[in-house]
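*Asks:* Let me give you the structure first, and then I'll get to my questions.
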Amino acid sequence: MKNPHLFRASVLALGLTVSALGGGHATAASRPVVFLNSAEPVSLDPMFTQADANVILSIHETLFRLDNKGDVVAALAESIKMIDPLNWEIKIRPGLVFQNGEPINADAAVFTFDRAKTLFAAGKGDLTFALGALKYDHMEKVDDLTVKLVMTVPDPIITSHMVNPELSLLPPKYYTQNPPEKVAFAPVGAGGYKFVSYKPGEGLVLKAFDKYRTGKPPVDDVIVKAVPEVATRISEIKAGSADLMVGVPADLKQDLENAGAKVIVAPSYRRLFVAIKQGRNPALADVRVRQAMNHAVNCEEIAQVLLGGMAKCSIDLVNAPNQDASLKPYAFDPGKAKELLTAAGWVPGADGVRAKDGVRLSLNFDTTNGSYLMDKEIAQVMADSWKDVGIEIADLRVIDNSVSSQMRAKQGAGYRDLMNSSSGPDYTCQGDLLLVQKASGSNRMSWVDDKFEQMFKAFNQEFDQTKWKAMCDAAQAYVAEQAPVVWMFTEPTFYGVSKRLDYEARPDGRVYLNLVLKGVKD
Amino acid sequence: MRYIIRRLLQSLIVVFGVSIVAFGMLFMTGDPTEVILGDATDRMTVSQIEEFRVKMGFDRPWYVQYASFVGNAVQGDFGYSFIRHQPAFEVITDKLPATIKLASVAFILSLVISIPLGVMSAIRPHRPLDNIATVVALAGQSIPSFWLGILLIMFFGVYLKWLPISGSGSWQHYVMPGITLAAFPIARNMRLTRSSMLDFMQKDFVRTARAKGISENRVVYAHVLRNSLMPIVTSIGLELGFLLGGSVITETIFGWPGVGREIVAAIGSKDFYVVQAGVIMLALIFAGVNLLIDLTYSLIDPRIRFGA
């Protein structure tokens, strides 16, 4: 370019033209809070999606819900009382209205629970999870603000099962007078945000509902926009054109912070562990071998060195608030691991690998690559740790992430001896313990323990909350001691947040806008 | 007629091949039952999972499942989206207009930029403009679209803040994805125009035209360019299919609400019937456009029709 001024002037002119023609971007001061989701909403009808819990529970409200700490609290319900194990009386808060002005009362609750039943019976909607958890027969109106919920089975944690977004209360008139196709993207609820508009690519526009049960949410206007590519979401935050995203890759944390945004690292409910497969290698049936494997791994060091101290080592099988906080992870103690192995009859051979009756303590380990933070590298460190106490990893196989789901099928029938795995967030003790329950599809270890089965059955039938918590704790302690897995840590969640937004992260990773957006400073 | 039948059969073979790949995807990514159910298996017993497998027909031999898949697909039935609760075919057709709009912008952009640039390069070969155009073309052909897209976002979205980074709604939203999608066709058409024109410029009829004293502009535009357009028109026609099919990456990067992004989202949410419907629809469009071009070409040039 002969004249550099000409080039600069041309670029400037182009920019000015673009800005002038389109009005440019709105300035940060006038912008609503923009939350970047990874996908467009499937539906805004709570009974037709499980994928959009964040927006559903921002627009809608349930009788009970989980607060930011994970505790079940009364929402549209005022109180609940057990009449007998199959009948519950629920009082609804007085004076509340839906976003279209319809009253929130017993009629609305009965309509909602009937609608869910009808849709489920017709094979419509996405209600398998919610109605699989809350097994009710029907709901009856007692008076204007009281309903009776009739269950098909006794359920000691009924309120935990009513927090599912699918059971958000709906205004009867609106949902009766309008066809499902219309209400799917023109919802009316009782949540903190009112629906304004939705257009794919442009976003879901929400406005704070001033008659929300706890008062108007602190942020007035929110746009939920779908941006599937994480690099693009990060660019939006860096450019200041968006305010919030979940799932910032750990290695881009610094990059985002350098651009002036905040990265909140919050503990999550997703637990990572190495599943120990039963039924293949008889050595793994011995609890002492499994305990030794736990003692041999230095989780703290792995978390510190490989994950920058951002993961928390834990032995939690159950999430808060049901978790037994007194349980401590297995201490890193190679000496103890060796003692346990020797006590189990495994003695070191000439090459250091232990053997018993001529059989070497040799295992196969399958690891994913990229399913979890540094999973392949962590697997290598764990293999080395076990080698140090005399357990040989004959084959450390890195498998494709798509194959891991195939291997997990049929209670981990495709696994070899060891496989890194995870368990997702649940809100009930029962739900979390399903990981090791005999008949559960998530029991990928094929671990079957009669004592645990008895404990599981007993506390599923216990209604006394004090006894129930003690039984849940006892079950956790028993499973921790039996070590059906090698416990590792809970994976942290990284939130990218603009400088102007005040945000409170939840341990379940949910972004319920009325609860997590605490304010915006323009 | 034999030519038409032959081309039609060839297109059908392509679609058949794509249908096998699309069907196979369901199995390549793991046990379809587990993949579809995902975390829901945590709440289900082994027998419930098996029940679901039987209900979905995944317990049948693969060839029976494939026959059923093809039988339904020819009737426009690609199954039901587990996520969106509507027919998979409808999920894709709903998103098609956005993809067509973006592809049209990229198509127009590629024509408006590539042909004039190619003509200018050919008129003055090996001069600065030609050299710059050659470098631009080389870059356009060799830079992957995902990288170019991110670069544009970084420069025009993050650094200069001139253009919206993602989504749709205003004309500015078309600029970056349009350029990203058009980069390759621009480069290819520019090179094609240049080489085709240079070729024709050496022909006797051009020399004759010049000898007759016809103005250089008329020689270039009325004689050389007109004759050079044949291969360019073919290439441009094929590009429509490329632009529609190649928008998957661009739409994902820029959050454009089209078929490509829907397919990627469906892959992420394991909504395989939508993936299958999307892949087959894009293959049909591509094969259809190809067929149309071939047939048009044979009408223009009888040598092709007669297998010369």
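The values are calculated or read from the model by the stated rules, or taken from the named source; none is laboratory data. Everything numeric here is computed off the predicted structure, so don't read it as measured data. When we count neighbours, we look across all protein chains shown, and the Cβ atoms used for this are built from the backbone with ideal geometry, even at glycine.
*Asks:* Could you check, for the stretch B:108-116, whether at least one of its residues is more than 14 Å from every other protein chain (Cβ to nearest Cβ) and touching a Lys or Arg at 6+ places or on another chain (Cβ under 8 Å)?
*Replies:* The first filter runs over the stretch B:108-116 and keeps only residues more than 14 Å from every other protein chain (Cβ to nearest Cβ), leaving B:108-116.
Those left that are additionally touching a Lys or Arg at 6+ places or on another chain (Cβ under 8 Å): B:114.
Checked against the condition, which is being more than 14 Å from every other protein chain (Cβ to nearest Cβ) and touching a Lys or Arg at 6+ places or on another chain (Cβ under 8 Å), the stretch B:108-116 yields at least one hit.
*Asks:* Let me ask something additional. Taking the stretch A:295-353 as the search range and keeping residues that are among the polar types (S, T, N, Q) and farther than 20 Å from A:Leu363 by Cβ, which one is nearest to the chain's Cα centre (by Cα)?
*Replies:* First pass over the stretch A:295-353, keeping only residues among the polar types (S, T, N, Q): A:298, A:304, A:314, A:319, A:322-323, A:326, A:342.
Narrowing the set further to residues that are farther than 20 Å from A:Leu363 by Cβ leaves A:304, A:314, A:319, A:322-323, A:326.
Values: A:Gln304: 24, A:Ser314: 17, A:Asn319: 10, A:Asn322: 15, A:Gln323: 15, A:Ser326: 23 Å.
Out of the qualifying residues, it is A:Asn319.
*Asks:* Answer yes if at least one residue in the stretch B:204-220 is basic (Lys, Arg), at pLDDT below 85 and out of contact with any Ser or Thr (no Cβ under 6 Å at 6 or more places or on another chain), and no otherwise. Before you say what the answer is, go through the steps one by one.
*Replies:* Start the filter on the stretch B:204-220 by keeping residues that are basic (Lys, Arg), which leaves B:207, B:210, B:212, B:218.
Those still in the list that are at pLDDT below 85 too: none.
For the stretch B:204-220, residues basic (Lys, Arg), at pLDDT below 85 and out of contact with any Ser or Thr (no Cβ under 6 Å at 6 or more places or on another chain): absent.
*Asks:* Then there's this: Since B:Thr234 meets every condition but one in (1) touching a residue at least 60 places away in the same chain (Cβ under 8 Å); (2) within 14 Å of chain A (Cβ to nearest Cβ); (3) among the hydroxyl-bearing types (Ser, Thr, Tyr), which condition does it not meet?
*Replies:* (2)
*Asks:* I would also like to ask the following. Against the conditions (1) part of a helix (DSSP H, G or I); (2) within 14 Å of chain A (Cβ to nearest Cβ); (3) crowded, with 18+ Cβ neighbours inside 10 Å, where does B:Pro164 fall short? Just the number, please.
*Replies:* (1)
*Asks:* If we only count strands (runs of 3 or more DSSP E) wholly inside the stretch A:425-522, which ones have 1 or more residues that are on the phi < 0 side of the Ramachandran plot and in contact with a helix residue (DSSP H, G or I) (Cβ under 7 Å, 6 or more places away or on another chain)?
*Replies:* Numbers: elements: A:485-497, A:501-503, A:517-520.
Ranges flagged: A:485-497, A:501-503.
*Asks:* Considering only the stretch B:282-301, I want to know if a residue exists there that is within 14 Å of chain A (Cβ to nearest Cβ) and out of contact with any Asp or Glu (no Cβ under 7 Å at 6 or more places or on another chain).
*Replies:* At the first step, the residues of the stretch B:282-301 found to be within 14 Å of chain A (Cβ to nearest Cβ) are none.
There is no residue in the stretch B:282-301 that is within 14 Å of chain A (Cβ to nearest Cβ) and out of contact with any Asp or Glu (no Cβ under 7 Å at 6 or more places or on another chain).
*Asks:* Just to be sure before I move on: is A:Val153 in a loop (DSSP other than H, G, I, E, B) and buried (at least 19 other Cβ atoms within 10 Å of the Cβ) in the structure I sent? Break it down stepwise before answering.
*Replies:* Working: in a loop (DSSP other than H, G, I, E, B): yes; buried (at least 19 other Cβ atoms within 10 Å of the Cβ): no.
Considered against the rule, which asks whether it is in a loop (DSSP other than H, G, I, E, B) and buried (at least 19 other Cβ atoms within 10 Å of the Cβ), A:Val153 comes out as no.
*Asks:* Taking the criterion of being of a type in the set (Phe, Trp, Tyr), more than 10 Å from chain A (Cβ to nearest Cβ) and either closer than 25 Å to B:Gly258 by Cα or not in a strand (DSSP E or B) (or both), would at least one residue in the stretch B:19-31 satisfy it?
*Replies:* yes
*Asks:* Restrict the check to the stretch A:52-67 and report whether at least one residue is at negative phi, in contact with a Ser or Thr (Cβ under 9 Å, 6 or more places away or on another chain), of a type in the set (Gly, Ala, Ser) and touching a residue at least 12 places away in the same chain (Cβ under 8 Å).
*Replies:* no
*Asks:* So which helices (runs of 4 or more DSSP H) stay within the stretch A:40-136 end to end and still have 3 or more residues that are in the same structural domain as A:Val147 (by TED's automatic domain parsing) and within 20 Å of the chain's Cα centre (by Cα)? Walk me through how you get there before you give the answer.
*Replies:* Working: elements: A:53-59, A:106-121, A:128-133.
Once the helices (runs of 4 or more DSSP H) in the stretch A:40-136 are filtered for at least 3 residues that are in the same structural domain as A:Val147 (by TED's automatic domain parsing) and within 20 Å of the chain's Cα centre (by Cα), what remains is A:53-59, A:128-133.
*Asks:* Restricted to the stretch A:26-56, and to residues that are under 11 Å from A:Val227 (Cα atoms) and more than 9 Å from chain B (Cβ to nearest Cβ), which residue is modelled with the highest pLDDT? If you could, list the steps in order and put the result at the bottom.
*Replies:* Going residue by residue through the stretch A:26-56, those that are under 11 Å from A:Val227 (Cα atoms) are A:35-40.
Retained after the next criterion (residues that are more than 9 Å from chain B (Cβ to nearest Cβ)): A:35, A:37.
On the way: A:Phe35: 97, A:Asn37: 90.
Looking at residues that are under 11 Å from A:Val227 (Cα atoms) and more than 9 Å from chain B (Cβ to nearest Cβ), I get A:Phe35.
*Asks:* Okay, next question. Which residue is nearest to the chain's Cα centre (by Cα), if the candidates are limited to the stretch A:165-180 and must be part of a loop (DSSP other than H, G, I, E, B) and modelled with pLDDT of 95 or more?
*Replies:* Taking the stretch A:165-180 first, the residues part of a loop (DSSP other than H, G, I, E, B) are A:168-171, A:178-179.
In the following step, the residues that additionally are modelled with pLDDT of 95 or more were identified as A:168-171.
Details: A:Ser168: 19, A:Leu169: 23, A:Leu170: 25, A:Pro171: 28 Å.
Looking at residues that are part of a loop (DSSP other than H, G, I, E, B) and modelled with pLDDT of 95 or more, I get A:Ser168.
*Asks:* Now a separate question. If you take the residues of the stretch A:181-202 that are within 14 Å of another protein chain (Cβ to nearest Cβ) and under 16 Å from A:Asn54 (Cα atoms), which of them is modelled with the highest pLDDT?
*Replies:* Among those residues, the one meeting the criterion is A:Tyr198.
*Asks:* Tell me yes or no: at least one residue of the stretch A:121-132 is among the hydroxyl-bearing types (Ser, Thr, Tyr), farther than 16 Å from A:Tyr175 by Cβ and in contact (Cβ under 8 Å) with a residue 24 or more places away in the chain.
*Replies:* If we filter the stretch A:121-132 for residues that are among the hydroxyl-bearing types (Ser, Thr, Tyr), which is where we start, we get A:128.
Subset that is farther than 16 Å from A:Tyr175 by Cβ: A:128.
Those still in the list that are in contact (Cβ under 8 Å) with a residue 24 or more places away in the chain too: none.
No, because not a single residue in the stretch A:121-132 is among the hydroxyl-bearing types (Ser, Thr, Tyr), farther than 16 Å from A:Tyr175 by Cβ and in contact (Cβ under 8 Å) with a residue 24 or more places away in the chain.
*Asks:* Taking A:Ile83 as meeting all but one of (1) surrounded by 17 or more Cβ atoms within 10 Å (Cβ to Cβ); (2) more than 14 Å from chain B (Cβ to nearest Cβ); (3) touching a residue at least 60 places away in the same chain (Cβ under 8 Å); (4) not charged (D, E, K, R), write down the number of the exception.
*Replies:* Answer for A:Ile83: the failing condition is (1).
A quick yes/no check of all residues on (1) outside the structural domain of A:Gly431 (by TED's automatic domain parsing); (2) more than 27 Å from A:Met82 (Cβ to Cβ); (3) out of contact with any helix residue (DSSP H, G or I) (no Cβ under 8 Å at 6 or more places or on another chain); (4) without any contact (Cβ under 8 Å) to a residue 60 or more places away in the chain:
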{"site": "A:Lys141", "(1), (2), (3), (4)": "yes, no, no, yes"}
{"site": "A:Ser168", "(1), (2), (3), (4)": "yes, no, no, no"}
{"site": "A:Lys173", "(1), (2), (3), (4)": "yes, yes, yes, no"}
{"site": "A:Val183", "(1), (2), (3), (4)": "yes, yes, no, no"}
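*Asks:* Out of (1) more than 26 Å from A:Met374 (Cβ to Cβ); (2) of a type outside the set (D, E, K, R); (3) without any contact (Cβ under 8 Å) to a residue 60 or more places away in the chain, the odd one out for A:Ser235 is which?
*Replies:* All conditions pass for A:Ser235, except number (1).
*Asks:* Considering (1) hydrophobic (A, V, I, L, M, F, W, C); (2) touching a Phe, Trp or Tyr at 6+ places or on another chain (Cβ under 8 Å); (3) facing chain A (nearest Cβ under 10 Å), say which one B:Ile83 fails and leave the rest.
*Replies:* Result: B:Ile83 passes all but (2).
*Asks:* Another question, if that's okay. Yes or no: A:Gly132 under 16 Å from A:Ala53 (Cα atoms) and either at pLDDT below 90 or buried (at least 21 other Cβ atoms within 10 Å of the Cβ) (or both)? Reasoning before the result, please.
*Replies:* Details: under 16 Å from A:Ala53 (Cα atoms): no; either at pLDDT below 90 or buried (at least 21 other Cβ atoms within 10 Å of the Cβ) (or both): yes.
No: the conditions fail for A:Gly132.
*Asks:* Considering only the stretch A:229-251, how many residues are out of contact with any Pro (no Cβ under 9 Å at 6 or more places or on another chain), in a helix (DSSP H, G or I) and more than 13 Å from chain B (Cβ to nearest Cβ)?
*Replies:* So the count comes out to 1.
*Asks:* Could you list, in sequence order, the residues of the stretch B:193-251 that are farther than 23 Å from B:Ala106 by Cβ and not in a helix (DSSP H, G or I)?
*Replies:* Answer for the stretch B:193-251, where residues must be farther than 23 Å from B:Ala106 by Cβ and not in a helix (DSSP H, G or I): B:Gln202, B:Lys203, B:Lys212, B:Gly213, B:Ile214, B:Ser215.
*Asks:* Search the stretch A:439-452 for residues that are assigned by TED's automatic domain parsing to the domain that holds A:Met471 and under 24 Å from A:Phe365 (Cβ atoms) and pair each with any residue that is surrounded by 19 or more Cβ atoms within 10 Å (Cβ to Cβ) and hydroxyl-bearing (Ser, Thr, Tyr) when their beta-carbon atoms are under 8 Å apart and the residues are at least 6 apart or on different chains.
*Replies:* From the stretch A:439-452, the pairs are A:Gly441/B:Thr41; A:Ser442/A:Ser423; A:Ser442/B:Thr41; A:Arg444/A:Tyr415; A:Arg444/A:Ser421.
*Asks:* Then there's this: Would you point out which residue out of B:His85, B:His126 is over 26 Å from B:Phe254 (Cβ atoms) and buried (at least 18 other Cβ atoms within 10 Å of the Cβ)? Don't jump to the end; show me each part of the working.
*Replies:* Values: B:His126 fails: buried (at least 18 other Cβ atoms within 10 Å of the Cβ).
Only one candidate qualifies: B:His85.
*Asks:* Please enumerate the residues belonging to the stretch B:52-84 that are farther than 18 Å from B:Thr33 by Cα and without any contact (Cβ under 8 Å) to a residue 12 or more places away in the chain.
*Replies:* The answer is B:Ala67, B:Gly71, B:Asn72, B:Val74, B:Gln75.
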